[in-house]
Amino acid sequence: MVRLLLLALIICAGLLLGPMLMDQKGYVLIAFNDWTIESSVVVLVMVIFLFYAGLQLLEWAVVNLLSLWGRTRHWFGWRRHQLAREKTLSSLLDLASGRFDLAEKNSARYANLSDQPILNYLTAANAAQRLGKKQQRDKYLESAALIDSDDSALIVTRLKLLVDEQEFEAAATWLAQQPVTSKQPQLMRLALQVYQATAQWELVLPLVHPLLKQQQISQQQCLQFEVEAHCGLLGNIAQQDIEKLTPAFKDLSRKLRNNIDIFTHYAKLNIKSDRYDVVEDEIFKRLRKNMHCALIALLSEVPEEAAQLSSDKLIALEKQYPQEVMIPQTIARLLSKLRCWEQTKVWTLKAIELAPSAGLYHQLAHAQQELGEKNGALSSYNNALAYL
């Protein structure tokens with residue numbers, strides 16, 4: 001830029017001074033040894049101008065000649081990068097359109113030349129999984145991890161691929177190796193699926209409320225996850241030490257203790273462990289307040305020695321809920337444990353009057369067989385067929 005400005009100034013000076021110098025008769029004499037040069041002032045100025053212009057042209061030619069090799073050499077690299085960009089975009093379109101073999105081939109081939117090599121490897125990993133090539137998928141993921149193992153897109157994609165293939169154990173192992181669980185909503189949602197599938201209930205609870213705040217799950221889903229997690233934790237405690245089950249249940253908040261699903265699971269664990277006496281009073285206390293079919297059905301699993309007392313309490317409860325078929329049905333099952341077949345038949349018939357079903361007719365037929373009523377049992381079996 002400076003040279004062009006200087007050249008412009010020289011031209012302007014020549015245009016201004018040229019006519020003035022033409023009127024002058026002066027001359028310039030240059031002598032060097034035996035060489036002598038004589039010229040007018042105007043000619044000398046023009047020679048100097050042409051000489052300077054020649055130097056500028058020579059410099060431009062030399063510089064461009066020297067840079068020609070560099071520009072030619074880098075052109076091939078630029079072309080390869082341009083091709084890599086085009087193949088990266090086309091691979092994403094191939095993946096979306098179901099051309100998985102082409103998507104894997106192009107994305108993996110041009111990963112080293114791509115501006116976003118992680119994107120290439122993730123595209124290739126997705127395509128490889130769709131083709132059933134799990135080992136190749138893992139290789140692509142490892143190649144992406146070598147570039148940036150903390151990249152959020154890599155973490156989410158890896159976990160999503162494992163979840164899609166229901167490789168929950170592998171996903172849980174990989175998550176356990178991560179130093180810090182990301183607060184990214186999509187990753188937390190996937191982690192919740194993994195922990196739920198692998199019954200890691202102690203890890204499910206910390207994710208539920210943050211996901212609710214981020215509006216990733218609804219209030220109802222939050223409650224379902226929370227109930228399922230607490231039921232799972234109570235089950236783990238019962239397996240390890242049944243004596244710690246009741247203290248663990250009492251340590252829950254009042255809201256959770258009053259949740260009928262959690263209490264039903266807690267009661268079921270006690271009944272299976274021959275600790276029906278621990279929950280019996282609480283079961284009927286809740287039933288007197290509200291009708292809960294799950295609790296009623298649970299009573300049919302009580303031990304034989306508690307069947308008579310439970311059936312008597314249910315008979316008293318039946319007056320409070322005369323239209324609930326679960327009560328006479330459960331009474332009949334408890335009486336069948338005591339081999340009171342006549343009473344079993346009476347209560348089964350009462351349940352059939354409320355809501356006939358194949359199961360009730362089978363229950364009635366069994367009682368009739370025990371009473372020796374073969375024709376009645378055969379008729380009950382025939383009636384059951386109408387409800388299958």
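State which residue is surrounded by the most Cβ atoms within 10 Å (Cβ to Cβ) when the search covers only region 276-334 and only residues that are of a type in the set (Asp, Glu) and more than 24 Å from Ile262 (Cα to Cα).
Glu318
For region 331-388, which residues satisfy the criterion of being in a loop (DSSP other than H, G, I, E, B) and either in contact with a strand residue (DSSP E or B) (Cβ under 9 Å, 6 or more places away or on another chain) or polar (S, T, N, Q) (or both)?
Within region 331-388, the first condition is being in a loop (DSSP other than H, G, I, E, B), and the residues that meet it are 338-340, 355-357, 371-373, 386-388.
Ser357 - this is the single residue of region 331-388 that is in a loop (DSSP other than H, G, I, E, B) and either in contact with a strand residue (DSSP E or B) (Cβ under 9 Å, 6 or more places away or on another chain) or polar (S, T, N, Q) (or both).
Would you pick out the residues in region 204-217 that are assigned to a helix (DSSP H, G or I) and free of Cβ contacts under 8 Å to residues at least 12 places away in the same chain?
Taking region 204-217 as the starting set, the residues that turn out to be assigned to a helix (DSSP H, G or I) are 204-213.
If the condition is that a residue be assigned to a helix (DSSP H, G or I) and free of Cβ contacts under 8 Å to residues at least 12 places away in the same chain, then Pro206, Leu212, Lys213 are the ones that fit.
Limited to region 117-135, what total is found for residues that are without any contact (Cβ under 8 Å) to a residue 12 or more places away in the chain and assigned to a helix (DSSP H, G or I)?
Final tally of qualifying residues: 1.
Values in this text are rule-based calculations from the coordinates and carry no lab data. Note that the structure is a prediction, hence the values are computed from the model and not measured. Positions of Cβ are generated from backbone atoms using ideal geometry, with glycine treated the same way; all protein chains shown enter the neighbour counts.
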